[in-house]
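See below for the structure under consideration.
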Amino acid sequence: MTILGIESSCDECAVAIVADGRRLIGQVVATQIEYHRPYSGVVPEIASRKHTEWIESVYRRCLDESGVRQNELDGIAVTCRPGLVGSLLVGVSFAKALAYALDLPLIGVDHILAHLYAPHLEHELEYPFLGVLLSGGHTLIARVGGYDDVEVVGATIDDAVGEAFDKIAGYFELGYPGGVEIDKRARRGDPRAYRFPAPRLHKGDHPFDVSYSGLKTAVVNQREQFRDASCDASIENICASFERAAVDMLVSRVAKAAERYGLQTVVAGGGVAANTYFREALAHDTGLKVVLPSLGLCTDNGAMVAALGYEHLSRGRCSGLDLDVSARTPGYRRAYP
Ligand code: KG4
Ligand code: ZN
């Protein structure tokens with residue numbers, strides 16, 4: 001079964017073709033980074049406009065480069081939630097038009113479930129495992145029991161971890177995307193130069209929750225020292241110390257959650273899962289079997305959408321042409337979806 005996957009929930013305009021949910025035949029990811037760089041973050045209006053301009057040519061290029069003809073497709077999968085509504089609408093409208101014109105089933109796919117499914121494209125994975133999704137919009141730890149059986153056991157109570165990287169990088173004018181810039185500088189810095197406070201969770205917060213807004217403020221408050229430019233206060237040391245605090249908080253929650261739910265394998269996804277220190281710490285500090293998708297499958301892509309679409313379609317689960325988009329997945333906190 002050959003499924004086309006369309007991803008447009010944020011700032012990547014991506015289309016991929018996957019056979020039988022496992023074999024990636026081809027993919028195109030058109031990134032809008034240069035258009036959002038001046039704003040140090042994704043501007044929703046710019047994102048949806050660029051998707052509108054690009055989506056058809058990204059689709060055509062994907063077919064050309066894959067050598068697949070339209071009449072060889074068996075279904076059209078598309079991200080319909082959660083994400084930026086304007087951006088989601090472009091992908092979903094395009095997918096509906098394709099499904100209608102080619103008389104193919106349409107499959108609406110949840111972006112978070114797709115990220116947690118992405119590792120199947122490269123690894124033999126057995127359920128259940130602990131899934132960790134770390135991106136610019138999402139920070140969650142989940143018990144994953146199947147392709148549509150995801151129970152969120154911990155999440156950020158304020159900023160997403162990628163958002164914290166991007167905001168701090170924006171504050172120090174390091175460039176965009178901030179995570180990549182901080183990662184580069186942190187490699188040259190001393191992660192023990194600063195002790196940033198661990199976040200305090202409140203009564204009622206879940207023990208596996210994380211928080212980034214206090215850490216962000218603490219880091220920004222180093223600015224005055226940074227201005228003095230003594231070698232201890234170098235931007236490299238601030239980046240390394242922030243990165244350590246941000247990652248250690250997550251990794252300690254992951255280890256505890258795995259123990260609590262009796263899971264031996266952890267699977268990570270999302271742009272922040274590309275972070276060098278995170279990848280090392282997860283492997284060294286948890287004692288768990290760690291599965292990390294390659295970088296192109298960590299960040300937003302159409303392949304994960306097509307692969308998850310296959311799971312739905314092979315069980316006869318498809319959407320109508322009235323498929324709607326949603327900024328959020330309702331009620332994801334305890335049980336997902
Ligand atoms: O999953 P993604 O491509 O897009 C969504 O947010 O959905 O994640 C993007 C996020 C950005 O916040 C970016 O700064 C962060 O991932 N990121 C990183 C690294 N590469 C990308 N954060 C830390 N270290 C990295 N190497
Ligand atoms: Zn994503």
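The values are calculated or read from the model by the stated rules, or taken from the named source; none is laboratory data. Computed from a predicted structure; not experimentally measured. As a convention, Cβ positions derive from the backbone with ideal geometry for all residues, glycine included, and neighbour counts pool all protein chains shown. Ligands, DNA and RNA are stripped out before the accessible areas are found, and what is left, the full protein with its side chains, is counted by its heavy atoms. Shrake-Rupley method; radii C 1.70, N 1.55, O 1.52, S 1.80 Å.
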- Residue that is nearest to ligand 2 (Cβ to nearest atom), among those in segment 121-138 that are closer than 21 Å to ARG81 by Cβ and either open to solvent by less than 10 Å² (accessible area, probe 1.4 Å) or not assigned by TED's automatic domain parsing to the domain that holds ALA273 (or both): LEU133
- Of all helices (runs of 4 or more DSSP H) fully inside segment 271-325, the set with 1 or more residues that are touching a Gly at 6+ places or on another chain (Cβ under 8 Å) and more than 25 Å from TYR176 (Cα to Cα) is 303-314
- Note on the structure: Screening GLU259, GLU311 for residues that are away from ligand 1 (no atom under 16 Å from the Cβ), modelled with pLDDT of 95 or more, of a type in the set (D, E, K, R) and not assigned by TED's automatic domain parsing to the domain that holds HIS206 leaves only GLU311
- Inspect segment 268-279 for any residue being without any contact (Cβ under 8 Å) to a residue 40 or more places away in the chain and open to solvent by 30 Å² or more (accessible area, probe 1.4 Å) and give the result as yes or no. yes
- Would you mind stating whether ALA155 is more than 23 Å from TYR39 (Cβ to Cβ) and within 16 Å of ligand 2 (Cβ to nearest atom)? yes
- Query: Looking at segment 80-98, is at least one residue out of contact with any strand residue (DSSP E or B) (no Cβ under 7 Å at 6 or more places or on another chain) and without any contact (Cβ under 8 Å) to a residue 40 or more places away in the chain?
  - Reply: yes
- Task: Identify the single condition in (1) crowded, with 20+ Cβ neighbours inside 10 Å; (2) at pLDDT 95 or above; (3) closer than 15 Å to LEU88 by Cβ that VAL42 does not satisfy, given that it satisfies every other one.
- Result: (2)
- Query: LEU24 fails exactly one of the following numbered conditions: (1) within 23 Å of ASP64 (Cβ to Cβ); (2) within 16 Å of ligand 2 (Cβ to nearest atom). What is the number of that condition?
  - Reply: (2)
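Residue by residue, here is whether (1) modelled with pLDDT of 95 or more; (2) part of a helix (DSSP H, G or I) holds:
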position: VAL58; (1), (2): yes, yes
position: ARG61; (1), (2): yes, yes
position: VAL78; (1), (2): yes, no
position: GLY86; (1), (2): yes, yes
position: VAL92; (1), (2): yes, yes
position: ALA101; (1), (2): yes, yes
position: ILE112; (1), (2): no, yes
position: GLY137; (1), (2): no, no
position: VAL150; (1), (2): no, no
- Task: Please work out if ILE141 is surrounded by fewer than 22 Cβ atoms within 10 Å (Cβ to Cβ), in contact (Cβ under 8 Å) with a residue 24 or more places away in the chain and either within 16 Å of ligand 2 (Cβ to nearest atom) or among the hydrophobic types (A, V, I, L, M, F, W, C) (or both).
- Result: no
- Query: Within the bounds of segment 12-27, is there any residue that is within 16 Å of ligand 1 (Cβ to nearest atom) and free of Cβ contacts under 8 Å to residues at least 40 places away in the same chain?
  - Reply: no
